[in-house]
Structure formats: structure tokens, C-alpha cells
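Participant: Below: one structure in C-alpha cells.
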Amino acid sequence: MRPLKLSLLIISTIGLFACGGDSKTKDDDAFFVPAVEGNVTDDAFDRERLLQIYLKMPTADFAKLRTEGRPLNVSMNACSSTDFEYSDFKATASIDGDLLENVAIRKKGFLGSLSRLRPSIKLNFDTHQEGRTFKTLKRMTLNNDRQDPSHTHQCMAYDLYRAAGLIAPRCNLAHVVINNEDMGIYSHIESIKKPFLKRYFNDKSGNLYEAQVADIGTNLNDRFELKTNKTENDRSDLDRFSEVLKLEDDEFVTQLAQHIDISEFITFWAVETLIGHWDSATGNTNNYYMYHNPTDDLFHFIPWGTDSAFTTDNIFKPNSGPLFKNLSLAKRLYDIEQTRNQYFSTINTLLTEHWNEDALLEKLATIQELTASPEESYQSMQDFISGNETKNQPSQRDLLAQAMAGDINHTSYLLTDQAIDCTHINSTTQLTAEFESDIDGDKGSFTFTDSQGLVRSASMSIVSQYTTTDSLEYNEDNSTLPSVIALTLIGAATPPLYPDSYVLQVFIEKPDYQSGNIQFQGIASNLMLFKVIDKDSTPPKLELISVGHSGTINFTGTGLGSNDSPIEGSITAEMGRVHAPNYQITEY
């Protein structure tokens, strides 16, 4: 097969949604718990050692837990929370040698962290034994770090929020084994529940809202999920907050101070910018909580989902960093000179007082020693902190200086304040494919129904025969854990007379890349179908048409696509049509 750069672009979308290693299974079925390692303390968030978490549950229950998750097409729209809940199971747990029976366990994850091989999980200790805790904790949130093979992003990000005087979850690392299968290193994150609110706000009676692609606005407020006081379901506080955003600038700033501590929010915003947390409140209207504290009658922003920190780039919102303003509140404050200057000043203060490159690199080395992760998994973090001349990548300090000096063009993407339309959520179509790599020209085709109801058959053989482009390409992405195999299938489809070009991107977690059937799971093992809008641009301009809802990828050959290492297989899938959010886009 001939080289093609296209799949390297598409494969990078994995991290946008949006987190493992190869597992090893012991031979016996007994609940194997080795001697406790390290100096165990009473602190459940001890950073000096790895927590040792061993879990045992019925084999059938674990098999079901692994495969649960929202379909990819459902997760990629505003109706994604509709009618979906993870199943609850029971497990026996040994945590640092403490044995706990009948622990509630379930899978967690919205999209980017979904993995059958290494599922993120939640443990609850008092579900089946009221009042039981482990070192004061009622529950544990264990994230699989699928988008962070270095296991550094979450704990280091939350450290910087706290160093700036903000409220953020506690965090440390754990070694997790389930049914004697070594799942590897997980990040243990403090759950944002009522005990968290009591601990940090001394009052847990207020409204706590969770945001997953949610912004403040008359209609947009419906996207927030109320996590407390669900019976009363009084969201009028959020409605009053949204009314402030409609005011003119002078009155806006004055009235805003009645709803948030403006300096506190600007610091929160500046930390998201500092750590390059693109999948955040101000970067992507995602991964944050808002708590309306009755004590001061103000909303406070709480960070979450920082596994995508220390990256900056958001391919779906190009040029929107490094100065994030994709949240309506941040955009309004950026457009006002006084608060924009305060934002810049806060970034500079953080760079002076808390962004010490040598100290950050020392933290990386400490975590690497603790986790025994490979050196290459830390390269992107090192490049983010210190820059990389070979890659022409500036350090984060230099990048922010350029941006604040006006040397980098920016684009703002604001969600349109309109009611959610869920009528399309069940809009699906069938796709079938057959593919085979061949030195004389790759073969195969994929057939689907387009948005006009026209059946299209995209021929890979035509592409191989009449162009210099390879129609089947193999790539491996090592930025996820476990790594992901990406197969790029390119076909020319008729009708009409002059064929359109389509790209079918196939993702498979590397340990699953073997002969047999592979079921869809999140974005880790799934399909994306693109139409080529401009093949002459660099890279080619693509339009995402549909993504996998359910189906099977069947391989009879799982090679690299070379002469002696063929790739061959077929696909039967139900695809969900993509309905992207509407954005108000502003160029700077």
C-alpha cells in the first residue's frame, strides 16, 4: 500500500471526544490479592504510592459491564443523556488490604473514556451497607486514563487549579485488578457529590449542575443536568443567571457580580487556558460543574474531566485556542477591555507564580517512576511544557505570550441558544463493507444510504486503479491507552455521473485487532463516514456524515497491509446520521 496522510488527521479525532495498556490475566480464578505495597496511610488520596484495588465479581456481570455504553451517534448530540443508565453490579473489593463485601460497581464514561478492554468504573461502599466508608469515602471514581497514557493530566491539572486558590477534586493513582485481570493504572478522582460540597463549601443544600456540552442561555440551560434537589427541580437560579448575559456591557458586569465572583471565574478560565484544557468549560462547553452555594448566593465553577488537558488543540473548533472563549460568559468578558485585561493579567500571574517548568518536569519524572510507564508516553507532556524545536512547537509559556500579544488569530464558537431538537436521534441507516489490501491495488467497497435517501456504493478498487491514492491504509495511534488501530477506506461512489469521494474510518483498540468479530464500543472500536468536500486542500476537507450506532467488524486478515501482511475483512453496521450543534462563529 502507498502512504497517505489522511488517516493521521482523522485518527486524531479520537482524542477530541473526547482515555489503558494491554491486560494480563492470571491463570487461577481465585480472588488473588498480593501483599500490600508501600506505606499505607489513612489518606485515600495519598500521592506517594499507588492504591492497590482488587475486585472480584461474577464473570457474566463483568462481561456485561465492559460492553455497556451509549452508542457513538447518541453521544454526539444534545440528546445523549436520554434514557441511558449504566447497570449496577456487586463486587468484593480489597483496597490496600481492606476487604469489603457487596460493593456496588458500575461502568462510567460518556464517550472518550469508553473502553471494553479497560472500563472506567465507579465504586459505592454504602449502597448495600448504609453508612459504610473507606477512609471517609462513600464512593470511588476510577478513570482509565484512556486519553492520557502518561497518567499525568488529571492529577497535575487539579493541582494547578488548587494552587490558584480554586476548588477542585483531589486525585491520586491506583493499580486496578478485576477478576485477576490486570487492568493497569487508573486515576482515582474525588467524586463531586454532596460530601464534596460539604467539604469545600460547608453547605451541601444548593443546586449542583453538571455540564456536558452545555452553556448558559434561555434554551441552553436545558442542557445542564441537575444533580441535587431533583425532587424540587427548581432551576430558577440558572434562569436568572442566563438573563444577565442579555444585558449591555456596563450593566452586565454590575449584575454579573450578583451571580458569580468575577475574579474567581476569570482565574478558573485562566487556569483552563494555562493547562491547555480544550475539552473544558471555556474551551468546549464541556466537563464542568456549577454549584449555587446558598452561603454566598453565588455560582461557583468546578473543573472535571481533565484527561484532555495539556493539549490545547481542538480539531472540531480550529483556531479556538490557546485563549479559550467558547463559553458565552468567557466570550462576553473577553469582549470587554477591562475584564479581558484582567484575564491576561491573571494568566501572567499564574505563569509567574505557579507555572514552573522544572518543577512540572520533576512531577512527570515522579509519576513515571511510580507507574513504570514507558518514556514515549511522556513526550507530548514534555513538548507542551518545554516546547520542541524539531516539531516547531513553542512552549506553552511562549504560545500564551504570542496569543496575548495578538500574534495568533482566534475563532470563537458559541452554542446557539435554541431549543434541543431530539427528533433526529433515531435517524439511522445501514452500511456494509468488504475490504482487502493488495499490492496490485486495494479492493473492496462500502455501501450506504446518503441523507437524500440515495443508495451509494463507494468503490475502493476504482480509487486504487485510477489515482495515486491508496484506498486502504493502516495506522496506529499511540496517544491513547491502549493504542488504537485506524484503517482508512477511501471509495468513489456513484451515482451521479461524476463520482463523489467518501472516507470510511475504522477504529479498533489494538488488543482487539485480530481475526473474528469486534463489537462497537464508544469511539474506541467504531466507524466514522466522511464525504470529501475538497480533495485538493491540504489536508483534504471532510464532512462527517454518520457514525456507528451498532454493528460488527469482522476480520479474516489483521496485518499491516504489506505484501506479506494482508488486511481483509467486512463490516455490517447501523449508522447514525450526524447532526452537529449550531455555533455562532466569530473571528478575531
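Read-outs: derived from the displayed coordinates by stated rules, not from any lab. None of these values were measured; they are calculated from a predicted model. All Cβ positions, even for glycine, are placed from backbone atoms using ideal geometry, and neighbour counts span all protein chains on display.
Participant: Could you tell me the extents of the range 262-353's C-alpha atoms along the three principal axes, largest first, rounded to whole Å?
Facilitator: Rounded to whole Å, the extents work out to 40, 27, 26 Å.
Participant: Hey, another quick one. Pull up the cross-link candidates among the lysines for Lys138, meaning alpha carbon to alpha carbon under 18 Å and not fewer than 8 places away within one chain.
Facilitator: Lys90, Lys107, Lys108, Lys122, Lys193, Lys194, Lys198, Lys204, Lys227
Participant: Just to be sure I understand: of the beta bridges DSSP finds with both ends in the chain, what percent are antiparallel, rounded to 5? Show your work: numbers first, answer last.
Facilitator: Working: 120 of 126 bridges.
Looking only at bridges with both residues in the chain, the antiparallel portion is about 95 percent.
Participant: Okay, moving on. Give me the Debye-computed log₁₀ of I(q)/I(0) at q = 0.13, 0.14, 0.19 Å⁻¹ for the range 418-514, equal point scatterers on Cα only, no solvent, two decimals.
Facilitator: With no solvent term, the Cα-only Debye profile gives -0.58, -0.65, -0.95.
Participant: Using only the alpha carbons of the range 146-237, determine the length spanned along each of the three principal axes and report them from longest to shortest in whole angstroms.
Facilitator: 47, 32, 23
Participant: If you place +1 on the Cβ of every Lys and Arg, -1 on the Cβ of every Asp and Glu, and leave all else neutral, what size is the dipole of the range 31-190 about its Cα centre, to the nearest 20 Debye? Numbers along the way, then the final one.
Facilitator: On the way: 20 positive and 21 negative charges, 89 e Å.
The calculation lands at about 420 debye.
Participant: Would you list which lysines come within 18 Å of Lys331, measuring only between C-alpha atoms, while excluding same-chain residues fewer than 8 positions from it?
Facilitator: Filter leaves Lys246, Lys317.
Participant: Further question: Considering the dipole of the chain built from charges on the beta carbon (Lys and Arg +1, Asp and Glu -1) around the Cα centre, which of Ser113, Leu197, Ile567 is farthest to its positive end?
Facilitator: Most positive-ward Cα: Leu197.
Participant: Assigning unit charges at the beta carbon (Lys, Arg +1; Asp, Glu -1) and nothing else, what dipole magnitude in debye, to the nearest 20, does the chain show about its Cα centre? Don't skip to the answer; put the middle values down first.
Facilitator: Numbers: 50 positive and 82 negative charges, 207 e Å.
So the magnitude is around 1000 debye.
Participant: Taking N as the number of residues in the range 303-379, what is its alpha-carbon radius of gyration divided by 2.2 N^0.38 Å? Each step should come with its number before you reach the end.
Facilitator: Numbers: Rg = 16.3 Å, N = 77, 2.2 N^0.38 = 11.5 Å.
With N residues counted in the range 303-379, Rg over 2.2 N^0.38 Å equals 1.42.
Participant: Follow-up. So how compact is the range 344-475: Cα radius of gyration and Dmax in angstrom?
Facilitator: Rg and Dmax of the range 344-475, Cα atoms, are 24.6, 60 Å.
Participant: Also, quick follow-up: Could you tell me the ratio Rg/Rh of the range 350-397? Both radii from Cα atoms, Rh via Kirkwood.
Facilitator: Working: Rg = 11.5 Å, Rh = 11.5 Å.
For the range 350-397, the value is 1.01.
Participant: For the range 428-587, just run the numbers: alpha carbon Rg, then divide by 2.2 N^0.38 Å, N being how many residues it has.
Facilitator: 1.03
Participant: Further question: Work out the P(r) tail for the chain: percent of alpha carbon pairs separated by more than 38 Å, whole number. Walk me through the intermediate numbers first.
Facilitator: Working: 56330 of 172578 pairs.
Above the 38 Å cut-off, the chain has 33 percent of its Cα pairs.
Participant: Right, next: Less than 11 Å Cβ to Cβ from Pro294, Lys/Arg counted +1 and Asp/Glu -1: what total charge do the surrounding residues give?
Facilitator: Working: positive: Lys204; negative: Asp203, Asp237, Asp296, Asp297.
Counting the neighbours of Pro294, the net charge comes to -3.
Participant: In terms of Cα to Cα distance under 15 Å, which aspartates and glutamates are near enough to Lys535, apart from those fewer than 8 places away along the same chain?
Facilitator: Asp470, Asp500, Glu543
Participant: With just the Cα atoms of the range 31-190, tell me how far they stretch along each of the three principal axes, in Å, largest first.
Facilitator: Computed over the range 31-190, the largest-to-smallest principal extents equal 46, 43, 31 Å.
Participant: Filter the GluC sites (Glu not before Pro) in the range 149-235 down to the DSSP loop ones having no more than 11 other Cβ atoms within 10 Å, then list what survives. Spell out each step's value before the answer.
Facilitator: On the way: sites: Glu181, Glu190, Glu210, Glu225, Glu232; in loops: Glu190, Glu232.
Qualifying residues, ordered by number: Glu232.
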